[in-house]
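See structure below.
The values are calculated or read from the model by the stated rules, or taken from the named source; none is laboratory data. Only a predicted model underlies this, so the values are computations on that prediction, with no experimental measurement involved. FYI the Cβ positions are ideal-geometry reconstructions off the backbone, even for glycines, and counts take in every protein chain you see.
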Amino acid sequence: MTLDIASTAFLAQSAISGAPALHQVSVEEARLMYTAMAALSHEGPQMDRIEEVAITTADESTIRAHVLTPPGPSKSVIVYYHGGTWYWNRYPGARCDLESMAYSYSFSPELEQEWRWSEVYATQPEILNYVEHVAQRFDLNKDINFDTRVKRAVYDEDNQQWLIYTDTGEVVAARYFIMATGCLSVSKDLDIPGTDTLQGPSYVTGLWPHEGVDFTGQKVAVIGTGSSAIQSIPLIAEQATAMTIYQRTPAYSMPAKNRPLDEDEIAEIKANYPSYRDEQKLAAAAIVDPPRSLESWHMVDEEERAHRYDAAWNAGLLIAMQSTFNDI
Ligand SMILES: Cc1cc2nc3c(=O)[nH]c(=O)nc-3n(C[C@H](O)[C@H](O)[C@H](O)COP(=O)(O)OP(=O)(O)OC[C@H]3O[C@@H](n4cnc5c(N)ncnc54)[C@H](O)[C@@H]3O)c2cc1C
């Protein structure tokens, strides 16, 4: 159930007109108020239904509220969205670190066959392009409310439904409320003492300007050597005249060995997608390649160890090194 703009306007109008708050009047009075207001403003739809609900708050007290249902078919799915990982992370060099043919949707065999990834590890623009293609391909945009944040959600025990409040003023009643709010959708604030005295611009990889940044002729300092820094530093360094990199704790990293995908390997993966997806469902973090060894490094001699480490280094896959032995 969604409150449309006219209904939201009605609530605002009723608040400034000195009328009692809706939770203080009966259902019949609320209906009369709405009809009177709508007649005065000559706009806005009639409400199909006005229900009274009791909401139990965190401190166990109860609030009475009225849920106004506008006419028209109710939506079975409503998605509130404020840009995800691949919308915000536009820093130079941003790309996935799991192979794209694995890091992609598995729910549609047709989509799997149609889409063509260009490199082993796709760039952020290519992934965003893919996500937008999926939204259009499956006609999902009609159910997505862009630039809308959920401010609050309360479970209404009596009526067994969620009441979801957004920053656009909507209140929606829903039986199921799935919070797919992501693990990396909020960037970390720059909480380092002294940065407020910084002369010149500063950027955060997870909130990179959409128009890009030109570092030509600039002196650049990068804080951190995590995966975003490792991806962006080589590209920023191509433009900058000087670079200083601050590292607190070194992370183990190895070359990804990214390269364009060739037609034969794409065809082979596409031919085996169903069984590959089955394996992914059973694998830790859905990572299939390379298969993890059951042997400890103690169980083989030095030569075999070196051989496996070299092979893993040359493969460049995300978990190649951890897959060499069961205790790495
Ligand atoms: C550079 C980079 C590379 C990565 N590479 C890989 C990889 O190779 N393999 C891998 O498995 N993972 C990778 N990840 C992790 C990546 O975050 C996840 O794989 C995946 O994209 C997360 O998707 P999600 O939908 O769960 O979350 P998100 O993409 O973060 O989406 C969460 C959504 O919820 C919205 N949201 C949050 N709170 C609210 C609210 N109150 N109201 C409304 N909307 C809200 C956000 O705005 C966002 O749209 C990578 C991440 C980064 C940054």
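Computed values, structure above
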item	result
Selected residue (criterion: farthest from the chain's Cα centre (by Cα)) from residues of the range 275-290 that are loosely packed, with under 11 Cβ neighbours inside 10 Å and not hydrophobic (A, V, I, L, M, F, W, C)	S275
Unmet criterion (only one of (1) of a type outside the set (A, V, I, L, M); (2) surrounded by 12 or more Cβ atoms within 10 Å (Cβ to Cβ); (3) in contact with a strand residue (DSSP E or B) (Cβ under 9 Å, 6 or more places away or on another chain)) for F138	(3)
Subset of the range 130-171 [within 18 Å of F107 (Cα to Cα) and without any contact (Cβ under 8 Å) to a residue 60 or more places away in the chain]	Y130, V131, E132, H133, V134, A135, Q136, R137, F138, D139, N141
Some residue of the range 101-114 being in contact (Cβ under 8 Å) with a residue 40 or more places away in the chain, more than 29 Å from A283 (Cβ to Cβ) and among the charged types (D, E, K, R)	no
Residue check for D289: at pLDDT below 90 and either within 16 Å of the ligand (Cβ to nearest atom) or among the acidic types (D, E) (or both)	yes
Subset of the range 85-133 [more than 15 Å from the chain's Cα centre (by Cα), surrounded by fewer than 16 Cβ atoms within 10 Å (Cβ to Cβ) and either near the ligand (Cβ under 8 Å from one of its atoms) or aromatic (F, W, Y) (or both)]	D97, F107
Single residue of the range 180-225 satisfying the filter (within 10 Å of the ligand (Cβ to nearest atom) and of a type outside the set (S, T, N, Q)) that is surrounded by the most Cβ atoms within 10 Å (Cβ to Cβ)	G206
Which numbered condition Y176 fails, given (1) out of contact with any Phe, Trp or Tyr (no Cβ under 8 Å at 6 or more places or on another chain); (2) loosely packed, with under 13 Cβ neighbours inside 10 Å	(1)
Residue list for the range 242-274, filter: aromatic (F, W, Y) and surrounded by 14 or more Cβ atoms within 10 Å (Cβ to Cβ)	Y273
Qualifying residues in the range 146-158 (those that are in a loop (DSSP other than H, G, I, E, B) and near the ligand (Cβ under 9 Å from one of its atoms)) - the one surrounded by the most Cβ atoms within 10 Å (Cβ to Cβ)	T148
